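Chemist: Submitted below is the structure of interest, expressed as structure tokens.
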Amino acid sequence: MRVVVEFTHQNGRKRGRGRSAEPLLGELRTYEMRTPSGTYQVASLQGENLTHGPLAELYEVKLYCISPQGMHLRGMERVGPAGEERFVLQGWLITDVRDHHLGRSRHPLVGGPNLQEDAPCVLNGYTTVPG
């Protein structure tokens, strides 16, 4: 699925309103990673050049919220230099590339009529409160 991804956190800390990073454009893929310590769900954003590694990866990914405009995934992002990596909280606001207007200053999920990043969200009949 070709998507636009905007990050909700930077180094594990929530970004302030209007302080989003440059959105990334790529192919959204999910897979299961098996290690001796367990099995993990991973979301990967792959750029156009398939010989390079992914643009971003989200480990232990969970669907946080969904709306007609897109979805919000949450998980852990690997940061730091090789050998000193650590995992921090990260969220991806995802829009289908056909529905995203890169000229907008905000993601359609945030501030839209159906879903706001800081508002409760109904998912599978349960209300979640961001935090």
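Chemist: Ala82 is checked against (1) outside any loop (DSSP other than H, G, I, E, B); (2) more than 20 Å from His9 (Cβ to Cβ) and fails just one. What number does that condition carry?
Modeler: (1)
Chemist: Turning to a different aspect of this structure: Under 7 Å between Cβ atoms, at least 6 apart or on separate chains: pull out the pairs that start in segment 1-19 with a residue that is at pLDDT 90 or above and end on any residue that is surrounded by 11 or more Cβ atoms within 10 Å (Cβ to Cβ) and among the acidic types (Asp, Glu).
Modeler: Cβ pairs passing all conditions: Val3/Asp96; Thr8/Glu117.
Chemist: Does segment 98-106 contain at least one residue that is modelled with pLDDT of 50 or more, in a loop (DSSP other than H, G, I, E, B) and under 18 Å from Met33 (Cα atoms)? Quick ask: steps written out before the conclusion?
Modeler: Kept after step one, since they are modelled with pLDDT of 50 or more, are these residues of segment 98-106: 98-102.
Then drop every residue that is not in a loop (DSSP other than H, G, I, E, B), which leaves 98-102.
Still in the running and under 18 Å from Met33 (Cα atoms): none.
Checking segment 98-106: not a single residue is modelled with pLDDT of 50 or more, in a loop (DSSP other than H, G, I, E, B) and under 18 Å from Met33 (Cα atoms).
Chemist: Report the residue count in segment 1-19 for those that are of a type in the set (D, E, K, R) and surrounded by fewer than 15 Cβ atoms within 10 Å (Cβ to Cβ).
Modeler: So the count comes out to 4.
Chemist: With respect to Gly111, determine if the residue is of a type in the set (Gly, Ala, Ser), on the phi > 0 side of the Ramachandran plot, modelled with pLDDT under 85 and open to solvent by less than 80 Å² (accessible area, probe 1.4 Å).
Modeler: Numbers: of a type in the set (Gly, Ala, Ser): yes; on the phi > 0 side of the Ramachandran plot: yes; modelled with pLDDT under 85: yes; open to solvent by less than 80 Å² (accessible area, probe 1.4 Å): yes.
Yes, satisfied.
Chemist: A further question on this structure: If a residue has to be within 12 Å of Leu73 (Cα to Cα) and of a type in the set (S, T, N, Q) to count, how many in segment 42-62 make the cut?
Modeler: Looking only at that region, the number is 1.
Chemist: Mind checking which residues of segment 20-36 are of a type in the set (D, E, K, R) and either without any contact (Cβ under 8 Å) to a residue 12 or more places away in the chain or open to solvent by less than 100 Å² (accessible area, probe 1.4 Å) (or both)? Full working, then the answer.
Modeler: First, the residues of segment 20-36 that are of a type in the set (D, E, K, R): 22, 27, 29, 32, 34.
Selection gives Glu22, Glu27, Glu32, Arg34.
Chemist: Take the residues in segment 46-93 that are among the β-branched types (Val, Ile, Thr) and at pLDDT below 95, then tell me which one is surrounded by the fewest Cβ atoms within 10 Å (Cβ to Cβ).
Modeler: First pass over segment 46-93, keeping only residues among the β-branched types (Val, Ile, Thr): 51, 61, 66, 79, 88.
If we keep only those that are at pLDDT below 95 as well, we get 51, 66, 79.
Values: Thr51: 5, Ile66: 18, Val79: 14.
Out of the qualifying residues, it is Thr51.
The values are calculated or read from the model by the stated rules, or taken from the named source; none is laboratory data. Since the structure is predicted, the reported quantities are computational estimates derived from the model, not experimental observations. With ideal geometry, Cβ positions are generated from the backbone for all residues, glycine too; neighbour counts draw on all protein chains shown. Protein only, heavy atoms only, side chains kept; ligands, DNA and RNA dropped before computing areas. Shrake-Rupley method; radii C 1.70, N 1.55, O 1.52, S 1.80 Å.
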